[in-house]
1. Give me the extension gain from E223 to I473: residue separation times 0.36 nm, minus the current Cα-Cα distance, reported in nm with one decimal.
2. For E248 and E348, compute 0.36 nm times the residue count separating them, minus their Cα-Cα distance, and round to one decimal in nm.
3. Residue separation times 0.36 nm, minus the C-alpha to C-alpha distance between N442 and A283: what's the value?
4. Could you grab the relative contact order for the stretch 235-474? Cα pairs under 8 Å, six or more apart, rounded to a whole percent.
5. Which value in nm describes the separation of the simple spin-label points at N145 and K305, placed 7 Å from the Cα toward the beta carbon?
6. Give me the three principal axis extents of the stretch 191-339 from the C-alpha atoms, as integers in angstrom, largest value leading.
7. Please state the shape class of the stretch 235-474: rounded when a/c is under 1.5, otherwise prolate if a/b exceeds b/c and oblate if not, all from the C-alpha gyration tensor.
8. Contact order normalised by length for the stretch 270-374, with contacts defined as Cα pairs under 8 Å and 6 or more residues apart; what percent is it?
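Throughout, read-outs are computed from the coordinates displayed, never taken from laboratory work. None of the values given here were measured: they were computed from a predicted structure. Ideal geometry is used to build each Cβ from the backbone, glycine not excepted, and the neighbour counts take in all protein chains shown.
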Amino acid sequence: MQLCPFLFCNKYKSLYLEFIAFILLLACLFSSCQSTPLETDKTGSINITDATEDTDATGVPDTTDTAADSATHDETTTSPAWVDIPGGRLILFENNTPYFSIMYGEKCSPLTLQCVDDLNAEIKKLTGKQFDLKTDNIKPGETLNEDDPLIMIGATAYKESADAMIGLEKNQYIIVSQGNHIVIVAENDSVLPYAIKRFISDCLSVTKDNSGNVILFVSDGIEYLSNPGECPMLAYLRTKDKFISTSEYLYTVAAPGNRINVTQGGYLDGNYFYQAFIKKDTASNEANNVVRIVKSDAKTGKIIKISGDLALNHANDITYNPKINALLVVHNNPNRSLVTLVDPDTLEVIRTVTLPLNIYCMTYNEERDMYVVGISGGQNFIFLDADFKVVGKVHVATTKTAGYTTQGASSDNDFIYFVLYNQNVITVYDWEGRFVTIIVLNVGNIEPENISVVNGEIYVVCHSGGAKVFKIIPKNTA
């Protein structure tokens, strides 16, 4: 291609060079205006990855400045996902200063206080500081200061809390922001912890400015209303430290033999019920016990299959891990560190695992891919990962049931359940290892052996002429 000859004429050369210089200058100016993107660590702004909960919350606020610094932060608006959140952002913490306080009702429940502590612990983990705490202790006729930035948790004396609660259905909660106020309330206190978890996972976000300073924020204009069925049926167990219960007898699974007839560990999943029966050999301290597992229909108790003789010692508890499709049978006495995996279809042994500690019971939670095991010699418990390695610290049991006889365990996504003999109760803990409540059983004087919790329903199996299965209904009344 031939170039246009006018570009090489002296008449136009100087004009052309000036034009090229101008273009280069514009390019330099554009390049200098580009900012470095923020270093962003999202803990779950709306539709972003969930935050990790802090299980060592103390709830004791740090001493921090209370006046917000008016200095601006050096940040950009390019590329981070949170810039697309509708309505902009509400800054909670910036320049090493909390801008918000947490308010709760002066006469609130212990559960609400726990929620306050849990949120403040998460804030401290993200920012290094806790927010100031305030109660709703106000004079008659006093209204909320619209300029006072607050996270209001649970029912308070202020109109904002009451208005947010209007129209809530049973076990429903709402998270809503109104100007400088974030309101987190629930139809009843038992579901408030789920609202706090939702706020942490789906609303709180953290990032850093170009100087490395932490910025904690939420989207402006939050309005999240939970589905009525979002919170579990047993959420109300958080509301009292003791419940009485009624029991509904379902059926009895017969022992597989005249001498293999002592009911021990069991597991019920809603479809099938697996029950271990033993022939106890006291001369060998149960080393030579004979065990058979009976598989039956969970709804009718009709027997489907009976295993051959198995060497599972006392077979004190059974749980199930669907990820490896195996029943796990806890040997207990005398081989307290042994757990044997059994095929749920053939009821044959797959292999035996030696744990790093002695246990008496075990329950598996699929969502966490984790086991909870009761430690032999008491009621304390600890977590194991999917490879049977210890996770975290020992969780100390309540002293309310000291001296009771330990039996089986179960769990769901919210609680861990242990059934105990002598006084016939269930102790309930949360996944932070905190005591929640006691459920007093109403099954007479017979011995409860194992427990299963399925879709919000509690089943306890007792030794009485076979394996007698009861559905347990805690009385959710004052």
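1. Fully extending the segment from E223 to I473 adds 86.5 nm.
2. That pair, E248 and E348, stretches by 32.8 nm at full extension.
3. Separation in residues times 0.36 nm, less the Cα-Cα distance, equals 53.8 nm.
4. 20 percent
5. 6.9 nm
6. Cα extents, longest axis first: 72, 40, 31 Å.
7. Rounded shape, in that the Cα axes give a/c under 1.5.
8. It rounds to 19 percent for the stretch 270-374.
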